């Protein structure tokens with residue numbers, strides 16, 4: 001009896017093994033990639049998921065698992081994953097994270113794949129170079145698919161009422177801010193970002209005003225405390241509370257954007273990313289974009305922000321990961337994605353598509369960057385401490401707004417923090 | 001005289017209470033108001049104090065398309081299981097700290113207190129590595145373990161206060177009548193301790209329900225996210241969907257709201273009991 005049972009069990013086991021073995025041989029194993037979206041949310045996730053669906057359809061042997069991360073903590077999550085060696089295969093990134101990730105050896109250089117890509121010339125060389133400049137070895141660690149830049153959002157209906165045009169010079173800017181203020185109507189000419197992210201925002205304004213294009217001069221001195229920046233900041237601080245709401249001192253981007261969308265401020269400085277919110281709240285005709293005036297030194301300096309995709313070193317499937325990254329940055333994907341989220345593509349072929357010139361803010365940005373006077377500021381995103389220094393300075397800027405800290409002192413502190421970070425960086429990478 | 005007394009009471013008690021109530025309830029009212037508005041109306045000036053026209057679309061979208069149904073279930077599973085363990089262990093630890101004399105008792109109390117001084121964020125990477133080795137990343141079990149561990153010391157100390165209030169004589173009487181210690185705990189101490197247990201469970205539940213950073217770090221699968229992670233996702237780098245955010249917040253508020261409505265009487269009883277001899 002016992003023998004019979006043993007025989008039966010053996011036959012069963014062998015047949016099970018055979019079945020599973022044949023299943024293994026007959027069905028090709030699907031490659032499973034994990035993709036982390038660094039800025040998930042209801043206004044973006046459905047479009048990215050649609051792109052991944054298209055990718056899965058075009059590549060049946062690859063399956064992509066989408067994980068959406070909330071923007072506020074996505075960097076922290078990726079940092080922990082890097083420290084614990086548990087990174088995904090691919091993720092979206094802000095370009096200012098790339099230097100840190102690359103220096104930590106967490107992400108792969110994409111050059112072996114990018115150099116062989118048939119469409120590599122379609123990626124705007126200025127963007128590719130900007131990413132290469134982030135690391136001392138000049139390798140390409142990110143493939144950009146979205147490009148964002150700062151501008152003024154203003155109320156064309158109010159401007160028309162007052163017989164004003166968007167500022168063509170920086171003198172006009174301050175003039176308009178004063179003229180558009182009517183405290184009896186709870187209406188202010190401008191809204192300052194004084195809370196989180198304020199110094200980052202201020203940096204853009206300072207260089208736009210001066211027209212300086214280099215963050216460090218030839219001697220390695222930081223240009224942030226340039227006399228023109230002192231001049232601008234003094235004027236800027238003077239409008240706080242007078243032509244701006246006093247609550248601006250705690251403004252993060254959402255409060256600042258809400259001031260504009262609520263009809264409290266006539267003008268704000270933000271990027272093209274808030275287009276969707278203005279459209280939803282104010283509706284067409286009640287908001288428009290204006291480029292920064294040309295700076296005092298004759299250049300229109302702009303800080304651009306790129307978004308793209310990276311492949312992590314821990315991936316078992318670098319070739320398949322590249323396929324995904326390349327697909328997400330392809331002409332078709334960039335066209336779909338950037339139209340949906342209202343931002344600029346990084347490919348020349350997509351920049352020439354009609355939808356770019358049909359949207360006022362995108363056309364304006366396209367034209368502005370095509371202008372010979374426009375130069376992208378080389379801000380030192382390659383410094384691992386760059387973002388931390390800017391964030392650390394936020395409370396100091398609040399003191400400047402309140403008149404508790406002199407403008408010169410603030411800018412000097414900023415400059416010396418950046419110089420120190422650069423000296424450390426140069427020491428490590430023997431750049432001197 | 002009576003009118004004057006009433007007036008005085010009204011001015012000194014009811015009026016300040018009403019003002020505080022308005023102050024406390026306004027954010028709830030505004031969240032509900034926002035959640036019932038169309039997205040285009042939320043920021044419109046002049047602000048609308050009532051949702052007119054009204055829509056339930058934000059709730060439908062949030063629950064079905066964004067997946068709050070799933071996140072709600074995940075949060076509930078994690079919170080309920082964690083609360084079960086927290087309360088069970090807190091009763092046992094609290095009992096041991098109250099009824100037994102052992103070497104290092106004071107030191108243990110001190111160590112329990114010390115755990116409260118270490119922020120959870122500091123331990124993220126080591127915890128992540130431990131859970132990874134246990135194969136618990138992207139598993140709700142990791143959250144149950146983390147929440148139980150981090151909540152236990154505070155709740156055990158809280159429970160110790162409640163147990164101190166239960167006279168030992170009652171237990172002794174039960175044991176005289178033939179109960180062993182466990183029977184005495186379950187049949188005599190626990191029923192008296194009920195308000196304290198409910199107060200502890202309520203605190204533990206709220207902490208687990210609202211926890212964000214562990215839930216984000218240890219879960220790397222969108223379908224296993226909990227409610228706080230989903231709520232954070234409503235605030236993007238460039239945009240915030242206020243309608244969904246408000247609807248999601250209302251959904252997130254429901255369990256604590258219902259729970260507090262039910263356990264309120266125990267809670268007040270439990271809190272005061274704990275506070276006297278805590």
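The values are calculated or read from the model by the stated rules, or taken from the named source; none is laboratory data. If you're wondering where the values come from, they're calculated on a predicted model, not measured in any experiment. Methodologically, a virtual Cβ is constructed for each residue, glycine included, from the backbone with ideal geometry; neighbour enumeration extends over all protein chains shown.
Assuming residue A:126 fulfils every condition listed in (1) surrounded by fewer than 18 Cβ atoms within 10 Å (Cβ to Cβ); (2) in contact (Cβ under 8 Å) with a residue 12 or more places away in the chain; (3) assigned to a loop (DSSP other than H, G, I, E, B) apart from one, which condition is it?
(3)
Within region B:240-250, count every residue that is more than 9 Å from chain A (Cβ to nearest Cβ) and not in a helix (DSSP H, G or I).
Of the residues in that region, 0 qualify.
Condition first: more than 10 Å from chain A (Cβ to nearest Cβ) and closer than 11 Å to residue B:143 by Cβ. Now tell me which residues in region B:202-216 satisfy that.
Result: B:208, B:211, B:214, B:215.
Being part of a helix (DSSP H, G or I) and over 19 Å from residue B:109 (Cβ atoms) is the filter here, so list the residues in region B:146-167 that pass it.
B:146, B:147, B:148, listed by residue number.
Out of B:231, B:216, B:245, I need the residue that is farther than 25 Å from residue B:39 by Cβ, modelled with pLDDT of 90 or more and over 15 Å from the mean Cα position of the chain (by Cα). Which one?
One residue alone meets the criteria, B:216.
What's the total number of residues in region B:34-54 that are without any contact (Cβ under 8 Å) to a residue 24 or more places away in the chain and surrounded by 15 or more Cβ atoms within 10 Å (Cβ to Cβ)?
Taking region B:34-54 and keeping what is without any contact (Cβ under 8 Å) to a residue 24 or more places away in the chain, we get B:36, B:40-41, B:44-54.
Imposing the further condition that a residue be surrounded by 15 or more Cβ atoms within 10 Å (Cβ to Cβ) reduces the set to B:36, B:41, B:44, B:51.
Going through region B:34-54 one residue at a time, the tally reaches 4.
Which of the residues spanning region A:83-109 are over 24 Å from residue B:131 (Cβ atoms), part of a loop (DSSP other than H, G, I, E, B) and either in contact with a helix residue (DSSP H, G or I) (Cβ under 7 Å, 6 or more places away or on another chain) or within 12 Å of another protein chain (Cβ to nearest Cβ) (or both)?
A:108
Which numbered condition trips up residue A:80, out of (1) away from chain B (no Cβ under 14 Å); (2) without any contact (Cβ under 8 Å) to a residue 60 or more places away in the chain; (3) touching a helix residue (DSSP H, G or I) at 6+ places or on another chain (Cβ under 8 Å)?
Among (1) away from chain B (no Cβ under 14 Å); (2) without any contact (Cβ under 8 Å) to a residue 60 or more places away in the chain; (3) touching a helix residue (DSSP H, G or I) at 6+ places or on another chain (Cβ under 8 Å), the lone unmet condition for residue A:80 is (1).
Condition first: under 16 Å from the mean Cα position of the chain (by Cα) and not in a helix (DSSP H, G or I). Now tell me which residues in region A:44-78 satisfy that.
A:44, A:69, A:70
Please find, among B:251, B:219, the residue that is over 18 Å from residue B:138 (Cβ atoms) and either in contact with a helix residue (DSSP H, G or I) (Cβ under 6 Å, 6 or more places away or on another chain) or in contact (Cβ under 8 Å) with a residue 60 or more places away in the chain (or both).
After applying the criteria, what remains is B:251.
Conditions: (1) surrounded by 14 or more Cβ atoms within 10 Å (Cβ to Cβ); (2) closer than 29 Å to residue B:58 by Cβ; (3) at pLDDT 95 or above. Residue A:53 meets all but one. Number of the miss?
Just one mismatch for residue A:53, condition (1).
Tell me whether region A:410-422 contains one or more residues that are in contact with a strand residue (DSSP E or B) (Cβ under 7 Å, 6 or more places away or on another chain), over 19 Å from residue A:205 (Cβ atoms) and buried (at least 18 other Cβ atoms within 10 Å of the Cβ). So that I can check it myself, show each step before the final result.
So in region A:410-422, the residues in contact with a strand residue (DSSP E or B) (Cβ under 7 Å, 6 or more places away or on another chain) come out as A:415, A:418-419, A:422.
In the following step, the residues that additionally are over 19 Å from residue A:205 (Cβ atoms) were identified as A:419, A:422.
When the remaining residues are screened for being buried (at least 18 other Cβ atoms within 10 Å of the Cβ), the result is A:422.
Yes, there is a match, as at least one residue in region A:410-422 is in contact with a strand residue (DSSP E or B) (Cβ under 7 Å, 6 or more places away or on another chain), over 19 Å from residue A:205 (Cβ atoms) and buried (at least 18 other Cβ atoms within 10 Å of the Cβ).
Kindly list the number of the only condition in (1) more than 14 Å from chain A (Cβ to nearest Cβ); (2) not in a helix (DSSP H, G or I) that fails for residue B:46.
Tallying (1) more than 14 Å from chain A (Cβ to nearest Cβ); (2) not in a helix (DSSP H, G or I), residue B:46 fails exactly one: (1).
Looking at residue A:187, is it surrounded by 14 or more Cβ atoms within 10 Å (Cβ to Cβ) and in contact (Cβ under 8 Å) with a residue 24 or more places away in the chain?
yes
Report, by residue number, each residue of region A:354-378 that is touching a strand residue (DSSP E or B) at 6+ places or on another chain (Cβ under 8 Å) and not in a helix (DSSP H, G or I).
A:371, A:373, A:374, A:375, A:376, A:377, A:378
Can you confirm whether region A:287-299 contains a residue that is under 30 Å from residue A:54 (Cβ atoms), buried (at least 20 other Cβ atoms within 10 Å of the Cβ) and in contact with a helix residue (DSSP H, G or I) (Cβ under 7 Å, 6 or more places away or on another chain)?
Checked against the condition, which is being under 30 Å from residue A:54 (Cβ atoms), buried (at least 20 other Cβ atoms within 10 Å of the Cβ) and in contact with a helix residue (DSSP H, G or I) (Cβ under 7 Å, 6 or more places away or on another chain), region A:287-299 yields no hits at all.
Conditions: (1) surrounded by fewer than 17 Cβ atoms within 10 Å (Cβ to Cβ); (2) part of a helix (DSSP H, G or I). Residue A:283 meets all but one. Number of the miss?
Evaluating residue A:283 over (1) surrounded by fewer than 17 Cβ atoms within 10 Å (Cβ to Cβ); (2) part of a helix (DSSP H, G or I) leaves (2) as the failure.
Tell me which residues, restricted to region B:49-73, are more than 14 Å from chain A (Cβ to nearest Cβ), out of contact with any helix residue (DSSP H, G or I) (no Cβ under 7 Å at 6 or more places or on another chain) and part of a helix (DSSP H, G or I).
B:73
Does region B:193-201 contain any residue that is surrounded by 21 or more Cβ atoms within 10 Å (Cβ to Cβ) and either without any contact (Cβ under 8 Å) to a residue 60 or more places away in the chain or closer than 30 Å to residue B:125 by Cα (or both)?
Scanning region B:193-201 turns up at least one residue that is surrounded by 21 or more Cβ atoms within 10 Å (Cβ to Cβ) and either without any contact (Cβ under 8 Å) to a residue 60 or more places away in the chain or closer than 30 Å to residue B:125 by Cα (or both).
Would region A:132-145 turn up any residue that is within 28 Å of residue A:425 (Cα to Cα) and in a helix (DSSP H, G or I)?
Yes: region A:132-145 contains one or more residues that are within 28 Å of residue A:425 (Cα to Cα) and in a helix (DSSP H, G or I).
Scan region B:222-239 for residues that are in contact (Cβ under 8 Å) with a residue 12 or more places away in the chain, within 9 Å of chain A (Cβ to nearest Cβ) and in contact with a helix residue (DSSP H, G or I) (Cβ under 7 Å, 6 or more places away or on another chain) and jot them down.
Once the filter is applied, which keeps residues that are in contact (Cβ under 8 Å) with a residue 12 or more places away in the chain, within 9 Å of chain A (Cβ to nearest Cβ) and in contact with a helix residue (DSSP H, G or I) (Cβ under 7 Å, 6 or more places away or on another chain), region B:222-239 yields B:225, B:229, B:230, B:231, B:232, B:234.
Got at least one residue in region A:24-36 being surrounded by fewer than 22 Cβ atoms within 10 Å (Cβ to Cβ), farther than 27 Å from residue A:343 by Cα and modelled with pLDDT of 90 or more?
Yes, region A:24-36 contains at least one residue that is surrounded by fewer than 22 Cβ atoms within 10 Å (Cβ to Cβ), farther than 27 Å from residue A:343 by Cα and modelled with pLDDT of 90 or more.
Residue-by-condition table, conditions (1) assigned by TED's automatic domain parsing to the domain that holds residue A:282; (2) closer than 22 Å to residue A:289 by Cα; (3) at pLDDT below 95; (4) surrounded by 20 or more Cβ atoms within 10 Å (Cβ to Cβ):
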{"position": "A:142", "(1), (2), (3), (4)": "no, no, no, yes"}
{"position": "A:154", "(1), (2), (3), (4)": "yes, yes, no, yes"}
{"position": "A:183", "(1), (2), (3), (4)": "yes, no, yes, no"}
{"position": "A:197", "(1), (2), (3), (4)": "yes, yes, yes, no"}
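Just a yes or no: is a residue in region B:5-22 assigned to a helix (DSSP H, G or I), surrounded by 15 or more Cβ atoms within 10 Å (Cβ to Cβ) and out of contact with any helix residue (DSSP H, G or I) (no Cβ under 7 Å at 6 or more places or on another chain)?
no
Just to verify a result, which residue in region A:266-277, among those that are at pLDDT 90 or above and within 21 Å of residue A:148 (Cβ to Cβ), is surrounded by the fewest Cβ atoms within 10 Å (Cβ to Cβ)?
The selected residue is A:269.
Just one of A:254, A:219 is within 14 Å of chain B (Cβ to nearest Cβ), without any contact (Cβ under 8 Å) to a residue 60 or more places away in the chain and out of contact with any helix residue (DSSP H, G or I) (no Cβ under 7 Å at 6 or more places or on another chain); which is it? Break it down into steps so the answer makes sense when it comes.
Working: A:219 fails: within 14 Å of chain B (Cβ to nearest Cβ).
A:254 is the lone residue from the list that is within 14 Å of chain B (Cβ to nearest Cβ), without any contact (Cβ under 8 Å) to a residue 60 or more places away in the chain and out of contact with any helix residue (DSSP H, G or I) (no Cβ under 7 Å at 6 or more places or on another chain).
Within region B:13-34, take every residue that is within 21 Å of residue B:231 (Cα to Cα) and over 23 Å from the mean Cα position of the chain (by Cα) and give me the one that is nearest to the other protein chains (Cβ to nearest Cβ).
B:34
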